[in-house]
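Engineer: Have a look at this one before I ask anything.
Values in this text are rule-based calculations from the coordinates and carry no lab data. What you see is a predicted model, and the numbers here were worked out from it, not measured in a lab. Counting neighbours? That spans all protein chains shown, and the Cβs are built from the backbone with ideal geometry, glycine included.
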Ligand SMILES: [Cu+2]
């Protein structure tokens, strides 16, 4: 192909490229306007927000520390980036061959060698120290007020209160059926808590240290609530633990965070943080519901058992 042919090709491909760019822009604008037109999905307090740019607002000390660490590391990395690339581009432009500079052999004096070893080491130590502090605090599950075992199952969570107020309570928390129907329809209506609503949320008191012991029945799942800064794998045959102390009452949401199978997106986590009094009332209510049948109820249940024999 000669030069004129190449030029012609380039001239022909230019409008095509422009057209493609315009098409992409129009498509993006179309998608954006469709989303904007729907405009009915709102932020979910304690869960994801629309156009969320940052982490969930923290409600535990650990989550606050994680946010701080994130900002701190970002600033350190940005400063290093600007300084290193600034010096590099300045040197390349200012000392380029075309303005008469000659390459010189690098003498590599001792102070340079020491400097570029010690300075990065100090930076790494400066980053590692606060990170280690938070990591150690994250793993300190001693002296909890309440211990709850969270068992991952395909595809739901089982909760057993095994120590502290509420000991003995246990239930399974499954995706609310209305959300499954919405999902199966293939065209779910805009819903703030889409695929995050469960039938039985985990209920815990505010300002108490809650230890979560994680394990799983089948495959690896992970118990994650971003507002608490908590994420712990749930592994079959193993026991892991984590903890949180929620500083605010309210509903907080998370999801299984380990790709576990076809319904990975259908096993949400909903934690309801309530006041100490409300928690005690909830515990009483649960215990009453789980109490053995009273003398008055026993004959009715016996009759029901006769009419409806247990399935083999
Ligand atoms: Cu899972």
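Engineer: In µm²/s, what is D for segment 146-290 at 10 °C and 1.306 mPa s, where D = kT/(6 pi eta Rh) by Stokes-Einstein and Rh is the Kirkwood radius from Cα pairs?
Structural biologist: It diffuses with D of about 103 µm²/s by this estimate.
Engineer: Could you please rank 196, 122, placing first whichever residue has the fewest other Cβ atoms within 10 Å of its Cβ?
Structural biologist: By the 10 Å Cβ count, ascending: 122, 196.
Engineer: Compute the Cα gyration tensor for segment 192-267, then decide on rounded, prolate or oblate, letting a ≥ b ≥ c be the square roots of its eigenvalues: rounded whenever a/c is under 1.5, prolate when a/b is larger than b/c in the other cases, and oblate in all that remain.
Structural biologist: In terms of gyration-tensor shape, oblate.
Engineer: Something else about it: Whole number please: convex hull volume per residue of the Cα set in segment 39-114, in Å³?
Structural biologist: 139
Engineer: Something else: Compute the FRET efficiency between residue 113 and residue 81 as 1/(1 + (r/R0)^6), taking r as their Cβ-Cβ distance and R0 = 22 Å, and round to the nearest 0.05.
Structural biologist: Step by step, r from the Cβ atoms, then E = 0.40.
Engineer: Listed highest first by mean packing, meaning other Cβ atoms within 10 Å per residue, what order do 147-156, 257-266 come in?
Structural biologist: 147-156, 257-266
Engineer: So, one more: Using a simple spin-label model with points 7 Å from Cα along the Cα→Cβ vector, what separation in nm is obtained for residue 289 and residue 132?
Structural biologist: So the two model labels end up 4.7 nm from each other.
Engineer: I need the calculated FRET efficiency for the pair residue 163 and residue 64, taking r as the beta carbon distance and R₀ as 35 Å, to the nearest 0.05.
Structural biologist: FRET efficiency, residue 163 to residue 64: 0.85.
Engineer: In percent, how large is the relative contact order of segment 146-290, given Cα pairs closer than 8 Å and 6 or more residues apart?
Structural biologist: 26
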